[in-house]
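These notes concern the structure reproduced below.
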Amino acid sequence: MRFHRLVVALVGTVVLAGCGGLGETGDDSASEGGKVTISWLVDNSEQTLKPAEALAAAFTAKNPDITVKVETRPQGGDGDNVVKTRLATGEMTDMFMYNSGSLFQALSPEKNLVPLNDQPWANEVADAFKLAVSAGGNIYGTPFGGSIGGGVLYNKKVYEENGLEVPKTWDEFMANNAKLKTAGVDPVIQTYQETWTSQLLVLANHHNVASTDPGWADKYTKNQVKMAQDPGLEGFRRLEAVHKAGFENKDYRSAKFDEGLKLLAEGKGAHYPMLTFAVGAIATASPQQLDDIGFFAQPGNDAAKNGLTLWISGAIYVPKTTEGAKLDAVKKFLAFVATKEGCDVQTKAFTPSGPYMVNGCTLPDDVPPAIRDIQPYLDNGNVTPALEFLSPVKGPALEQITVEVGSGLRSAKSGAELYDQDVEKQAQQLGLEGW
């Protein structure tokens, strides 16, 4: 998913001190006077940092002898490289937030991480989450944040003004786009300056792939099917089709994520293929327009099989370099995170992206419409976990390839074939059978 050179310097450090304050001794590596400081590495996005800060502050208020120091890293490929490099060099913080699923598997968890099966919260998290953070029979992560819907954020006011209905098939979606372009609205917002955003039309299509072939993910893991073959190729074709029709905003190559959200909120763009965690950013940047934003699953070929691709929440992991009093303090913090109180702290700090993975945690009644739009898919059972939670196979170069396909620099077929080559390298590194 990520493929960039290492950014050596971490971006911004946030210190949340308990009683007495952090930094009086100038040494974070040891406890003093019975007090312990633990460090936590998270990405620098607002939707991650705000809940992390809130959790750290709430925990320290309840446990004044433990101070949580929150450090940030870049997002995307740069951030992935920071995590992997710090693990490899033994310089990881006492705990860190990272993806679950295939990217977690790429961290060699059995070698690098502390198993958490013996923790009391381990039986209080969703089974789907356990699968996404397990290796060799052990659980390695604690849920952080809510689950995430993958599909299309859309401007409901624009839909109303143009007499459009939420599409359930790709043909209906493209017909809506054509009408919007005629009306002078950018049909599909793309923000390729931040390459990770280019992947959604491929990744959010997995429910449609699974609807065509329920066993596809398992076959993919065993190297029995390829992304460059149908139905896997379909997502790349969707990306290509949007570009060929000229449905993107004119500045799609240089636009950034926050600029895309602004276009959507202001109704200058109608659709943004995106994950629902972005709703929190809209709530912060454009609160007056929040109720104008809705969400629908990426349409497929059959309206009767319309359903949602769901991302399991991220997780907090503990490197094996964390030991002694620090490890005890970290485990105490993780136990706090995996409670209803921990969920509520996160909800107050930043709009949740979807249902939490901790049993007993509920979303408030006043969540934004786009988040409520996820629930009918869950209620109807029309949900498939994203491929990265069903298979450990995910190549690091996807976001660069999808930028090329989405910009017309590479065909859908060529992009999928290149990605199959990228995946093969990763599968061999993981030692998977059949590769």
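Using the structure shown, decide if Tyr192 is in a loop (DSSP other than H, G, I, E, B), aromatic (Phe, Trp, Tyr), in contact with a Gly (Cβ under 9 Å, 6 or more places away or on another chain) and at pLDDT 95 or above.
Details: in a loop (DSSP other than H, G, I, E, B): yes; aromatic (Phe, Trp, Tyr): yes; in contact with a Gly (Cβ under 9 Å, 6 or more places away or on another chain): yes; at pLDDT 95 or above: yes.
When the stated conditions are applied, Tyr192 passes them.
Looking at Ala228, Ala270, Ala241, can you tell me which residue is part of a loop (DSSP other than H, G, I, E, B) and either in contact with a Ser or Thr (Cβ under 8 Å, 6 or more places away or on another chain) or in contact (Cβ under 8 Å) with a residue 60 or more places away in the chain (or both)?
Just one listed residue meets the conditions, Ala228.
Please work out which one of (1) at pLDDT below 95; (2) closer than 29 Å to Arg86 by Cα is the condition Val330 fails and give its number.
It fails just one condition, (1).
Please go through the range 127-157 and give me each residue that is surrounded by fewer than 22 Cβ atoms within 10 Å (Cβ to Cβ) and more than 30 Å from Phe333 (Cα to Cα), ordered by number.
Lys156, Lys157
Looking at Ser353, Ser391, which one is assigned to a loop (DSSP other than H, G, I, E, B), in contact (Cβ under 8 Å) with a residue 40 or more places away in the chain and assigned by TED's automatic domain parsing to the domain that holds Tyr220?
Only one candidate passes the filter, namely Ser391.
Mind checking which pairs have a first residue in the range 404-416 that is in the same structural domain as Ala245 (by TED's automatic domain parsing) and without any contact (Cβ under 8 Å) to a residue 24 or more places away in the chain and a second that is in a helix (DSSP H, G or I) and among the small types (Gly, Ala, Ser), Cβ under 6 Å, 6 or more apart or different chains?
Once the first residue is in the same structural domain as Ala245 (by TED's automatic domain parsing) and without any contact (Cβ under 8 Å) to a residue 24 or more places away in the chain and sits in the range 404-416, no partner that is in a helix (DSSP H, G or I) and among the small types (Gly, Ala, Ser) comes close enough.
Would you mind telling me which numbered condition in (1) modelled with pLDDT under 95; (2) within 22 Å of Asp344 (Cα to Cα) Cys19 fails?
(2)
Determine if the range 158-168 includes at least one residue that is touching a residue at least 60 places away in the same chain (Cβ under 8 Å) and on the phi > 0 side of the Ramachandran plot.
There is no residue in the range 158-168 that is touching a residue at least 60 places away in the same chain (Cβ under 8 Å) and on the phi > 0 side of the Ramachandran plot.
The values are calculated or read from the model by the stated rules, or taken from the named source; none is laboratory data. Predicted model only: the values in this text are computed from it and were never measured. No Cβ is skipped: glycine too gets one built from the backbone with ideal geometry, and neighbour counts run over all protein chains shown.
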